[in-house]
Amino acid sequence: MYSNNEIKMNNGQFKDYDYEMAVYNDVLNYVKEEIDRSQFASSQDLADYLKQILRDCDDVTGRGSHSYTCNSELSRLWVSQNFELLAEALDNGGYSLNGVLDTIYSGADALDVAIRCYLLDDAIDLVCSEDIEDERR
């Protein structure tokens with residue numbers, strides 16, 4: 001039902017889904033496939049641009065279509081493995097109380113998107129800071 005990329009095994013045990021790594025990889029892949037870095041004067045300019053466009057990018061956050069996975073069961077699995085991160089995202093993600101309740105009532109796909117959007121800026125900053133390190137080498 002799920003691919004090997006969706007559920008990882010570690011010594012025969014299920015391994016929790018790593019949202020931070022997943023969002024980082026999605027940002028990195030987007031930059032590699034869609035961005036001409038020569039169009040940006042600095043890595044900060046690139047980061048600012050990515051923060052504007054990737055929040056609604058389905059391949060990175062799922063916010064555009066309201067679902068990254070297009071599979072509520074898979075979203076439920078991943079969210080259930082990351083309740084602390086979900087609480088952090090809802091607490092620190094700029095949601096009002098009504099916004100938190102709306103997100104919860106919207107279901108697992110919405111919760112998955114909320115986590116991804118919460119982690120997005122840090123992932124972008126990390127990808128762009130690595131770009132600076134690559135330029136220095």
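The values are calculated or read from the model by the stated rules, or taken from the named source; none is laboratory data. Bear in mind the structure is a predicted one, so any value in this text is a computation, not a measurement. Here Cβ is always computed from backbone atoms with ideal geometry, including for glycine, and neighbour counts include all displayed protein chains.
A Cβ distance below 7 Å, combined with a sequence gap of six or more or placement on separate chains, defines the contacts here; from the stretch 109-131, residues that are within 15 Å of Leu50 (Cα to Cα) reach residues that are outside any helix (DSSP H, G or I) and aromatic (Phe, Trp, Tyr) in the pairs Arg116/Tyr68. Screening Leu46 on (1) in contact with an Asp or Glu (Cβ under 9 Å, 6 or more places away or on another chain); (2) closer than 19 Å to Ala22 by Cβ shows it passes everything except condition (2). So for the stretch 89-109 (the condition being under 17 Å from Asp18 (Cβ atoms) and under 15 Å from the mean Cα position of the chain (by Cα)), does at least one residue qualify? Within the stretch 89-109, one or more residues are under 17 Å from Asp18 (Cβ atoms) and under 15 Å from the mean Cα position of the chain (by Cα).
Reported count of residues in the stretch 1-42, each being part of a helix (DSSP H, G or I), of a type in the set (D, E, K, R) and at pLDDT below 95, is 1.
If you go through the stretch 63-79 and keep only what is farther than 10 Å from Ile115 by Cβ, small (Gly, Ala, Ser) and in contact (Cβ under 8 Å) with a residue 12 or more places away in the chain, you end up with Ser67, Ser72. With respect to the conditions (1) over 20 Å from Tyr19 (Cα atoms); (2) under 13 Å from the mean Cα position of the chain (by Cα); (3) among the aliphatic types (A, V, I, L, M), Ala41 lacks only one, and its number is (2). Restricting attention to the stretch 44-79, the residues being under 16 Å from the mean Cα position of the chain (by Cα) and loosely packed, with under 14 Cβ neighbours inside 10 Å number 5.
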